[in-house]
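Trainee: Quick one: the structure is below, and I'll ask about it shortly.
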Amino acid sequence: MIKTLILLAVFMLLLPFLLGMLATYFLEEEKNNILMNLVSGYIIALGLFEITALPLIAVHQSLSLLMAVYGGILLILALVSLCLNFKRIGRVVLESVSAVSGFPLVIWGQILVILAQVLFYVRYQYTNADDSFFVASAATSVSTNTIFSYNPYTGELYKHLPSRYVLSPFHAFIAVVSKVVDNHPAIIAHSVFMIWFLFIAYMVYALIGRKLFAGNMEKTGYFLLVLSLLNIFSGYSERTGGLFLLIRLWQGKAILAGILLPLVLYMGMRIFAKEGKTPPMEWLLLFFLMCACCMVSSMGIILGAIMLGILGILIFFWKRNIRFLLYAFLCCMPNLICAGAYLMIR
């Protein structure tokens, strides 16, 4: 149990934080914001998984090889980040502690609301028919040391790769995390991902609030509180984004709706409001974000590109510079490649 918790802290907290520090090293806005560092780290981690996993799936390699290659890339990037940001890490931590001490009452109220949602995750359990494929695929991958080799419904070898799922190997990400922390994929999905990705989602919403209200913490707190209430009372349908966030956050489509698409909006807002030249790292993060959208769900292949395309057109008309439209198109290349691959293998 203690070993699992330590490994989870390293893989789900420390590594993404160091990856985010590597990205923000080349940025100025929110450079020392711990939320921005963690969120940027997850953009890179999820995007890199798509880039790493798809070639290995195509040549029918093992889960162990995927874990070794992916883990090696993350470790190298984390070490580079540690070297570049050795002094800045302490500054980020101190600024975060200072920010917490200045939280207005509404922020503490919002934290209680989030903890109440976590309590429901811990106390109750929601099962969904999609688990019969996604969680079962992760468990099958771990037990057979393969990726997309066996049909989780029947246990038979695939004759052809499933075109609907193969380009979005989120189940393989669950399997990798499961092997790294030495725990069952169902526990990782239903207990770890459900809770941890809820915190990541509210980190993204907090960044959006800070951007909307120019860093005003009290207004950001009210924004988050209203957003939380909208999510809590969104159970009038199984298809709402709020309900996906509340009860299905271990699934890739819920992560897409609750975390990644709002992140596309946030990154677009950063570029939209930027005076002068946009740092290349902003566009690189958007590229990895499009890779992450493709990785978690096949819907992300289309929805991520559509959302970024709309933002790119708006920024083009606002800035009167064709360069923004070109960069947005280049960031959508992972989506276009995945869409083309889908048409070829379906």
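The values are calculated or read from the model by the stated rules, or taken from the named source; none is laboratory data. Remember, it's a predicted structure, so these values are computed and weren't measured experimentally. Counting neighbours? That spans all protein chains shown, and the Cβs are built from the backbone with ideal geometry, glycine included.
Trainee: Which of the following residues is β-branched (V, I, T) and within 30 Å of I232 (Cβ to Cβ): I43, I73, I2? Before you say what the answer is, go through the steps one by one.
Mentor: On the way: I73 fails: within 30 Å of I232 (Cβ to Cβ); I2 fails: within 30 Å of I232 (Cβ to Cβ).
The unique qualifying residue is I43.
Trainee: Name the helices (runs of 4 or more DSSP H) wholly inside the range 1-68 in which the number of residues that are of a type outside the set (A, V, I, L, M) and surrounded by 19 or more Cβ atoms within 10 Å (Cβ to Cβ) is 1 or more. Full working, then the answer.
Mentor: Details: elements: 2-9, 15-24, 34-58.
Here the list reads 15-24, 34-58.
Trainee: Now for a different question. Using beta carbons and a limit of 6 Å, which pairs, at least six apart or on different chains, have the first residue in the range 215-235 and free of Cβ contacts under 8 Å to residues at least 60 places away in the same chain and over 11 Å from I107 (Cβ atoms) and the second one assigned to a helix (DSSP H, G or I) and of a type in the set (K, R)?
Mentor: none
Trainee: Restricting the range 118-141 to residues that are buried (at least 20 other Cβ atoms within 10 Å of the Cβ) and either under 30 Å from T220 (Cβ atoms) or β-branched (V, I, T) (or both), which is farthest from the chain's Cα centre (by Cα)?
Mentor: Filtering first and then ranking leaves T140.
Trainee: Out of the residues in the range 142-164 that are within 22 Å of M67 (Cβ to Cβ) and small (G, A, S), state the one that is surrounded by the most Cβ atoms within 10 Å (Cβ to Cβ).
Mentor: S149
Trainee: Can you tell me which residues in the range 215-244 are aliphatic (A, V, I, L, M) and modelled with pLDDT of 85 or more? Talk me through it step by step, then tell me what you get.
Mentor: Filtering the range 215-244 for residues aliphatic (A, V, I, L, M) gives 217, 224-227, 229-230, 232, 243.
Passing the criteria: M217, L224, L225, V226, L227, L229, L230, I232.
Trainee: Further, regarding this structure: Given the condition more than 13 Å from the chain's Cα centre (by Cα) and closer than 26 Å to P104 by Cβ, answer yes or no: does some residue in the range 248-265 qualify?
Mentor: Just the residues of the range 248-265 that are more than 13 Å from the chain's Cα centre (by Cα), to begin with: 248, 265.
With closer than 26 Å to P104 by Cβ added as a condition, the list becomes 265.
Yes, the range 248-265 contains at least one residue that is more than 13 Å from the chain's Cα centre (by Cα) and closer than 26 Å to P104 by Cβ.
Trainee: Further question on the same structure: Tell me whether the range 154-171 contains one or more residues that are touching a residue at least 24 places away in the same chain (Cβ under 8 Å), assigned to a helix (DSSP H, G or I), under 30 Å from A339 (Cβ atoms) and within 23 Å of the chain's Cα centre (by Cα).
Mentor: Scanning the range 154-171, I find at least one residue that is touching a residue at least 24 places away in the same chain (Cβ under 8 Å), assigned to a helix (DSSP H, G or I), under 30 Å from A339 (Cβ atoms) and within 23 Å of the chain's Cα centre (by Cα), so the answer is yes.
Trainee: Return the total of residues in the range 96-113 being surrounded by 14 or more Cβ atoms within 10 Å (Cβ to Cβ) and not β-branched (V, I, T).
Mentor: Looking only at that region, the number is 6.
Trainee: For A257, work out the one condition from (1) aliphatic (A, V, I, L, M); (2) buried (at least 23 other Cβ atoms within 10 Å of the Cβ); (3) touching a residue at least 24 places away in the same chain (Cβ under 8 Å) it doesn't fulfil.
Mentor: For A257, the failing item is (3).
Trainee: Which residue pairs have Cβ atoms under 6 Å apart, sit 6 or more places apart or on different chains, and have a first residue in the range 116-133 that is within 13 Å of W250 (Cα to Cα) and touching a residue at least 40 places away in the same chain (Cβ under 8 Å) and a second that is part of a helix (DSSP H, G or I) and of a type outside the set (K, R)?
Mentor: These pairs meet every condition: Y121/M194; Y121/I195; Y126/I247.
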